[in-house]
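Student: Quick one: the structure is below, and I'll ask about it shortly.
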Amino acid sequence: MSALSFYVHVPYCLRRCGYCDFNTYTPTELLHNGTLETVSGDYVDAVIREIELARNYAGVEVPSIFFGGGTPSLLPAPTLGRVIEALRQGWQISEDCEITLEANPDSVNSEKLIQLREVGFNRISFGMQSAKAHVLKVLDRTHRPENVSIAVEAARSAGFESVSLDLIYGTPGESLEDWRFSVETALALGVDHLSAYALIVEVGTKLATQIKRGELAMPIDDLMADMYLLVDQLCEDAGLSWYELSNWSKPGHASRHNTAYWKNANWWGLGPGAHSHIDGIRWWNVKHPTQYTSALLAGNSPEKDREVLTHSQQSDESIMLSIRMKQGIELSTLAPGQQDRVEEYSRSGHLDRDRWEQGFLQLTPQGRLIADRIVRELVV
Amino acid sequence: MPAIPLAKAPQPAATDPAQIRNFCIIAHIDHGKSTLADRMLGITEVVDPRNMREQYLDRMDIERERGITIKSQAVRLPWRSGIDGHEYILNMIDTPGHVDFTYEVSRSLAASEGAVLLVDCAQGIEAQTLANLYLAMENNLKIIPVLNKIDLPAAQPDKFAAELAKLIGCEPSDCLRVSGKTGDGVADLLDQIVAQIPAPKGDANAPARALIFDSVYDVYRGVVTYVRVVDGHLSARDQIQMFSTGVRHEMLEVGVISPEPVPSKGLGVGEVGYLITGVKDVRQSRVGDTVTNYNNPTKTPLAGYKDPKPMVFSGLYPLDGADYPLLREALDKLQLNDAALVYEPESSAALGFGFRCGFLGLLHMEIVRERLERESNLSLISTAPNVVYQVVLDDGKSVTVTNPSEFPEGKIVSVEEPIVRSTILAPSEFIGAIMELCQQRRGVLLGMDYLSEDRVEIRYTLPLAEIVFDFFDKLKSSTRGYASLDYEAIGDAEGDLVKVDILLQGEPVDAFSAIVHRDKAYAYGLMMTGKLRQLIPRQQFEVPIQAAIGARIIARETISAIRKDVLAKCYGGDISRKRKLLEKQKEGKKRMKMVGRVEVPQEAFVAALATDADIDKAKADRK
């Protein structure tokens, strides 16, 4: 093995947003009268124990570390720094290792951003979601839209090399013009990277209940498609070009960590519910933070289950992931039958004609919108 | 006690015909026939109270669940008359209760000298009962009118006694009143059967003649044939012969049902019982045929034998194409017990390999389908039922069409379709609704009679094709469930009929082709294209759905191209989940049928072929 990326899952939020089904908990969900400090007290100790379990793979280069959640920015910078430090003990973490923090615009200030930079973070990704108050309200987000520009500015001043924003489109009640406003606002901040996700209604969320009751209605797919084409156009115009289906960046600012997922590289996920992948084996940890910490502090593995991928599963995954990337799929890696089945998409405007001639399957904007369908044609 | 212990009762093959009474019960579904039969088994003590169970004589699950009798039974009941104190043998011949099985009913009636006309006195007589009553009267059976369920609070025995009296031509006071549930009046009914129904007559010395009124396939014993001996004698040592086929059979066992099979030495004049010959297929032992003695055969068969003729056709396809051999096996097995079921392989571009099956009617079709699904654990798609058409081409050639997709191209001189004479009984407040429905279905009014002050009998001729789809459901819903329907085929008539094709992206989908009256072609096209637009998922290209008569497009809908089919997020933890979803979708894709380049999910075919009533039923099942 030549490289291993790390993901660190921080499973805490001060409150749960209405659309979110991530593995995250509020302090009072975990403990009666709990505070962030009381519930997360031994969390980093547990993560450091898990790092010890990864020692078998010690010594190789770590191209990226990503702290996601939850809201990792809730934890004090020195606490997060302990994790980075523990990794430095066992692995080669060079100057250009990408170390990302997911942050809520409300949970950082200049001082904290400087501290975060000091403990090693060099990339930050803010959950902006929308610049429209009525959209944020439906999403159940608490931050004020204007806080985003303050946070971006502060991150720049603190010396972050790469600043990214996350946006969500297709929220009930959001118009194409609302969306244009959000994308333009984000781009006007001069960020290096933008992620834009279509809202997915996940089972069991507050949003799902509201939709089921008829209080909210999801937009039709055609509007979602128009929103996607719009963000793609605006990004390209602003000099951010697509490198994955939902991600755009300035040159050199593509997320190295996420690219590792899409290229089926090796990574270790630390924390409750985190998934790992090493050489065709995927495993995942127990979901609940209390279970996770108690397992590790008792000297046990937090692994919940694993799967050893068959050859055909690996090849399906590879198609499913690589088709999302701008680079696409090399046609020579496909069986002739697979090529035949998707050839028509190169004539219908879903695959880039020139790239097809050059031997690559690369999705056009319209093609990206039906990527899953094209994958189904390929993996039959 | 009027019951006689079996061992002391007159024995089979040694019972004087004068002591025998053969009767059947004519009743509508849920008018309490099975309960009354249970009560008779109890009161004559042929079934020990400890072994008694409900609907004792209904053997199939499907019979018990639906409360209908598909196959008939014949039970020997010893009874000492409360009137004259003599011993008698009563043979109760259970009859199927549905219009589809009119022929079987007619054979059961032919095996009896009398009929108990059983009517629920909270509901009154129903159309099918009336039809069977007329059939019994034509067969010169003695009719004993009986009002059942007198224990019900809603019972109106006086009203319905007057109705029955008018129908049969007797006095209202002649109607017996019983409750199958409480047993009230049942002993009196048995006494009246003895007193009123004539004893069978026959020539004991003539060559044997026995009427087959049912034959049932049994996994362990082969075909069990139910017979009524008319002349002569059948003994356990005989070789017998089926008159219609001339085939000789060894007699393995002869006996009576009481109500479990009891082997006997034989059966004499007027007796009712069963034969087992080792035959494995009911088609070799057909209802209506005459059984005779091989060594001393009769020259004249009993009258009335007919080959069953399928009236309604439908394609049956396995949902999973791999189940085709299973479906064939299941049909083969079912046919052992159902001489009326016919089928032949057919293939549909849309549905794959299946069978075109012919049925006696709609209930027969439903039962066959349900039995196939239940007993062989198959999931099936059935195409919309259709009738048989005779198409005459301008070159003089005549083509029989049992599948709309075989409707000939080219110049057609005429198309003939089967016509039925239907009888509808309903409360008079629904006359308007019924007439409206019948008019819509190309009906011609034959006449109308009041059975009582507020109940009418309405007679229409209707094309059978108009009945087979959802007429009965519509009739029920427009009369709040009160109307009942009976029909009989009366021949073919020419109609202005056309074939409507449904095209997906220009490709005809054979499963949706229909032969309809020209005036209804547009409505059918509109309905079907509209339905399909809702059911077929968007594809990566625009899909026109058209209805056409020949080359002429009569309706069109369009499914616009899909624009979005992608999950936005795919990070570390999403990958396994997404791959598993993909694996599931792969399976789903296998169940997609390709029509040209258009992917159509199996469910779309099922839903498009369903009637409104099917959809309501599916909704109710889900609740």
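Student: Kindly indicate the residue of segment A:189-221 that is assigned to a loop (DSSP other than H, G, I, E, B) and touching a Gly at 6+ places or on another chain (Cβ under 6 Å) and also nearest to the other protein chains (Cβ to nearest Cβ) among those meeting that condition. Before the answer, list the steps.
Tutor: Let us first name the residues in segment A:189-221 that are assigned to a loop (DSSP other than H, G, I, E, B), namely A:189-192, A:199-205, A:213-220.
Those left that are additionally touching a Gly at 6+ places or on another chain (Cβ under 6 Å): A:199, A:219.
Numbers: A:199: 8, A:219: 10 Å.
Looking at residues that are assigned to a loop (DSSP other than H, G, I, E, B) and touching a Gly at 6+ places or on another chain (Cβ under 6 Å), I get A:199.
Student: Among B:366, B:373, B:329, which is the only one that is farther than 20 Å from residue B:607 by Cβ and among the acidic types (Asp, Glu)? Even if it seems obvious, please write down each step before you answer.
Tutor: Values: B:366 fails: farther than 20 Å from residue B:607 by Cβ; B:373 fails: farther than 20 Å from residue B:607 by Cβ.
Sole residue among the options that is farther than 20 Å from residue B:607 by Cβ and among the acidic types (Asp, Glu): B:329.
Student: How many residues does segment B:319-333 hold that are within 26 Å of the chain's Cα centre (by Cα) and small (Gly, Ala, Ser)?
Tutor: 1
Student: Here's a follow-up. Limited to segment A:225-240, what total is found for residues that are under 20 Å from the mean Cα position of the chain (by Cα) and either open to solvent by 60 Å² or more (accessible area, probe 1.4 Å) or within 9 Å of chain B (Cβ to nearest Cβ) (or both)?
Tutor: Selection size over segment A:225-240: 1.
Student: Do we have residue B:328 as at pLDDT 85 or above, surrounded by fewer than 16 Cβ atoms within 10 Å (Cβ to Cβ) and basic (Lys, Arg) here? I'd like the intermediate steps shown before the answer.
Tutor: Working: at pLDDT 85 or above: yes; surrounded by fewer than 16 Cβ atoms within 10 Å (Cβ to Cβ): no; basic (Lys, Arg): yes.
No.
Student: Here's something else I'd like to know. Looking at the structure I just gave you, is residue A:187 out of contact with any Asp or Glu (no Cβ under 7 Å at 6 or more places or on another chain), of a type in the set (A, V, I, L, M, F, W, C) and either assigned by TED's automatic domain parsing to the domain that holds residue A:138 or at pLDDT below 95 (or both)? Steps first, please.
Tutor: Numbers: out of contact with any Asp or Glu (no Cβ under 7 Å at 6 or more places or on another chain): yes; of a type in the set (A, V, I, L, M, F, W, C): yes; either assigned by TED's automatic domain parsing to the domain that holds residue A:138 or at pLDDT below 95 (or both): yes.
Taking the combined requirement at face value, the residue satisfies it.
Student: Moving on. Can you name every residue in segment B:9-51 that is open to solvent by 80 Å² or more (accessible area, probe 1.4 Å), in contact (Cβ under 8 Å) with a residue 24 or more places away in the chain and part of a helix (DSSP H, G or I)?
Tutor: B:39
Student: Out of the residues in segment A:352-380 that are more than 15 Å from residue B:565 (Cβ to Cβ), hydrophobic (A, V, I, L, M, F, W, C) and not in a helix (DSSP H, G or I), which is most open to solvent (accessible area, probe 1.4 Å)?
Tutor: A:380
Student: Just the residues that are in a loop (DSSP other than H, G, I, E, B) and either within 12 Å of chain B (Cβ to nearest Cβ) or in contact (Cβ under 8 Å) with a residue 40 or more places away in the chain (or both), please, taken from segment A:300-326.
Tutor: Let us first name the residues in segment A:300-326 that are in a loop (DSSP other than H, G, I, E, B), namely A:300-302, A:309-310, A:323-324, A:326.
Of everything in segment A:300-326, those that are in a loop (DSSP other than H, G, I, E, B) and either within 12 Å of chain B (Cβ to nearest Cβ) or in contact (Cβ under 8 Å) with a residue 40 or more places away in the chain (or both) turn out to be A:301, A:302, A:309, A:310, A:323, A:324, A:326.
Student: Another question about this same structure. Looking at segment B:545-597 only, could you name the residues that are touching a helix residue (DSSP H, G or I) at 6+ places or on another chain (Cβ under 8 Å), open to solvent by 60 Å² or more (accessible area, probe 1.4 Å) and away from chain A (no Cβ under 14 Å)?
Tutor: Of everything in segment B:545-597, just one residue is touching a helix residue (DSSP H, G or I) at 6+ places or on another chain (Cβ under 8 Å), open to solvent by 60 Å² or more (accessible area, probe 1.4 Å) and away from chain A (no Cβ under 14 Å), namely B:556.
Student: Taking the options B:256, B:282, name whichever one is at pLDDT 90 or above and buried (at least 22 other Cβ atoms within 10 Å of the Cβ). Before you say what the answer is, go through the steps one by one.
Tutor: Working: B:282 fails: at pLDDT 90 or above.
Checking each option against the conditions leaves just B:256.
Student: Could you figure out which of (1) within 30 Å of residue A:229 (Cβ to Cβ); (2) basic (Lys, Arg); (3) buried (at least 18 other Cβ atoms within 10 Å of the Cβ); (4) within 13 Å of another protein chain (Cβ to nearest Cβ) isn't true of residue A:341?
Tutor: Status for residue A:341: all satisfied but (3).
Student: What number of residues within segment A:126-146 satisfy the criterion of being closer than 22 Å to residue A:246 by Cα and free of Cβ contacts under 8 Å to residues at least 24 places away in the same chain?
Tutor: 1
Student: Now for a separate question. In segment B:418-463, which residues are part of a helix (DSSP H, G or I), open to solvent by 30 Å² or more (accessible area, probe 1.4 Å) and among the aliphatic types (A, V, I, L, M)?
Tutor: Passing the criteria: B:433, B:435.
Student: Can you give me the ranges of the strands (runs of 3 or more DSSP E) entirely in segment B:250-366 with at least 1 residues that are of a type in the set (Val, Ile, Thr)?
Tutor: Details: elements: B:253-257, B:261-263, B:272-276, B:290-293, B:312-318, B:342-348, B:352-359.
Because the criterion is at least 1 residues that are of a type in the set (Val, Ile, Thr), the strands (runs of 3 or more DSSP E) in segment B:250-366 that meet it are B:253-257, B:261-263, B:272-276, B:290-293, B:312-318, B:342-348.
Student: Still on this structure: For the subset of segment B:527-548 comprising residues that are modelled with pLDDT of 95 or more and aliphatic (A, V, I, L, M), which member is farthest from residue A:367 (Cα to Cα)?
Tutor: In this case the residue turns out to be B:548.
Student: Return the pairs, sorted by first residue and then second, in which the second residue is buried (at least 19 other Cβ atoms within 10 Å of the Cβ) and assigned to a helix (DSSP H, G or I), the first residue lies in segment A:355-374 and is within 8 Å of chain B (Cβ to nearest Cβ), the beta carbons are less than 7 Å apart, and the residues are 6+ apart or on different chains.
Tutor: Qualifying pairs under 7 Å: A:369/A:225; A:369/A:228.
Student: Being open to solvent by 30 Å² or more (accessible area, probe 1.4 Å) and either within 14 Å of chain A (Cβ to nearest Cβ) or in contact with a helix residue (DSSP H, G or I) (Cβ under 6 Å, 6 or more places away or on another chain) (or both) narrows it down to one of B:533, B:538, so name that one. Outline the logic, then answer.
Tutor: Numbers: B:533 fails: either within 14 Å of chain A (Cβ to nearest Cβ) or in contact with a helix residue (DSSP H, G or I) (Cβ under 6 Å, 6 or more places away or on another chain) (or both).
Exactly one residue qualifies, and that residue is B:538.
Student: Mind checking which residues of segment B:204-223 are out of contact with any Lys or Arg (no Cβ under 9 Å at 6 or more places or on another chain) and at pLDDT 90 or above?
Tutor: So in segment B:204-223, the residues out of contact with any Lys or Arg (no Cβ under 9 Å at 6 or more places or on another chain) come out as B:204-206, B:208-209, B:218-221.
B:204, B:205, B:206, B:208, B:209 - these are the residues of segment B:204-223 that are out of contact with any Lys or Arg (no Cβ under 9 Å at 6 or more places or on another chain) and at pLDDT 90 or above.
The values are calculated or read from the model by the stated rules, or taken from the named source; none is laboratory data. Quick caveat, the model's predicted, so the values are computed rather than measured. When we count neighbours, we look across all protein chains shown, and the Cβ atoms used for this are built from the backbone with ideal geometry, even at glycine. Side chains are part of the model used for accessible areas, which takes the heavy atoms of the whole protein and leaves out ligands, DNA and RNA. Shrake-Rupley method; radii C 1.70, N 1.55, O 1.52, S 1.80 Å.
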